[in-house]
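Down below is the structure, laid out as structure tokens.
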Amino acid sequence: MSPAKFCLQLLVWCLLYFSLGYISLFLDDPASRVSFVWFPAGLAVAAFLLTPRRFWPPLFVGLLIVRTILDVTMRHSLETSLVHSVISLGNDFAIAWFVRRFRRPDDMLYNVLIWLCATVVISAFAAAAGAGWVLFRHNINFVQTLWIWWSANVVGTILLTTIIMGLFWKPEPFVLRKCLTGGGLWIALCLSAAWVFSQPFGDARSEALHFILACIPVMIMIAIPVVSGNRPGALSFLTFCVIVIYCSWHRLGPLFIPGLRTGEPLLLAQCYLSGTALLLNFVYVLKRHVPGMVSSYYLIPHSGRLTWDQTSSTSLTQHLLKLHHVDQLLALLLPDDQKRMRARWETISHGGSVTDTFSFLIRLSPAIKIQLQETKLTGLPQPEGVVIIGSWSEELPNRAFTRTVREA
């Protein structure tokens, strides 16, 4: 990524951060003046994950300035604004660093769990620091502020990171039938969510019925990425979040249970939306690991002949079936990747073993460049020599994230 391109992206991140923060600060607790849900947390985590590490310092400073201006705009003192900003951005930075440091390129389920654990644990430390400062300077209830701060960061991170990373997920081929089906499901989602969450609260019996009906939008929401892809799913989830939070904040819908205090229906809405976001993430993982996503090859070293497993129906395999010799394959790789690939094959040919994962970029055409990883490489002894068997898969679910990791 060039510095000019990063500056443009930084401007976009800052504008989005300010807009989401301005909305979040209106959804605050009247006593502690801490937002019930902090949407910029998820945006900041996604911004760090999608930005090469060498640009993290200016990204941190830019978002820190925006965060401070936000607090000052809402009539907080400059001192409190700076402390809140450092704690908030430090929390987001730590989550992104933890995910980037401990991720496994070939294990999406593990990566999701790492992200969730980092979000829950690191947000707890940040909430303790923020609540401690509020108690010290303003003598406000520590436990209540701790809980609100923690839940606001966790929910904001889960919701916005799911949406943004879903938008940057690798786009699927355009199919008119899928788009029309997805559009119909999106309309059904909006209508069902708007109806369920616009109903005023009544007696316990009607509330129970509406709470059951609240499962219908969730089922429709989960079906959209399955049918139409992850990007339409992310956009649909954004619409769903807007409807649910708006209605809950205005004391409407099944989550407004009689007897709850101000702000508590919004906390229930956060749990409701967070559960839906986690379901979406696991749908993404399942789609990533469906059978047929791996392309396997068989290489005879002494002749250089390549044979591909034709049982896989992925678009990657369809491109690779055109390669019948090792020279054709190596011509599509970068020079450094060619050397490493040859070295791995040489090790297997001489009876050695290769257990590490090898990441490389393949240029299938001037317009198609895919980041792959070799997850399996073994040798099969034959009378004419060792036959090499390898398996490839796409390294990460979205090209932008893959590219920035490689640049970092």
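Between Leu11 and Val227, the modelled labels are 3.9 nm apart [label points 7 Å from Cα along Cα→Cβ]. Ordered by the number of other Cβ atoms lying within 10 Å of each residue's own Cβ, fewest first, Ser349, Ser88 fall into the sequence Ser349, Ser88. Note on the stretch 1-168: Cα Rg divided by 2.2 N^0.38 Å, N the number of residues, gives 1.00. By the Stokes-Einstein formula, at 1.567 mPa s and 4 °C, the stretch 77-154 with its Kirkwood radius over alpha-carbon pairs has D equal to 97 µm²/s. Taken as Cα centroids, the stretch 129-150 and the stretch 54-117 sit 19 Å apart, rounded to the nearest whole angstrom.
Neighbour counts of other Cβ atoms within 10 Å put Ser365, Ser77 in the fewest-to-most order Ser365, Ser77. When Arg53, Arg231 are arranged by Cβ crowding within 10 Å, least crowded first, meaning fewest neighbours, the order is Arg53, Arg231.
Readers should treat all values here as calculations from the given coordinates under stated rules, not as data from a laboratory. Note that the structure is a prediction, hence the values are computed from the model and not measured. Cβ sites come from the backbone with ideal geometry, for glycine too, and all protein chains shown count toward neighbours.
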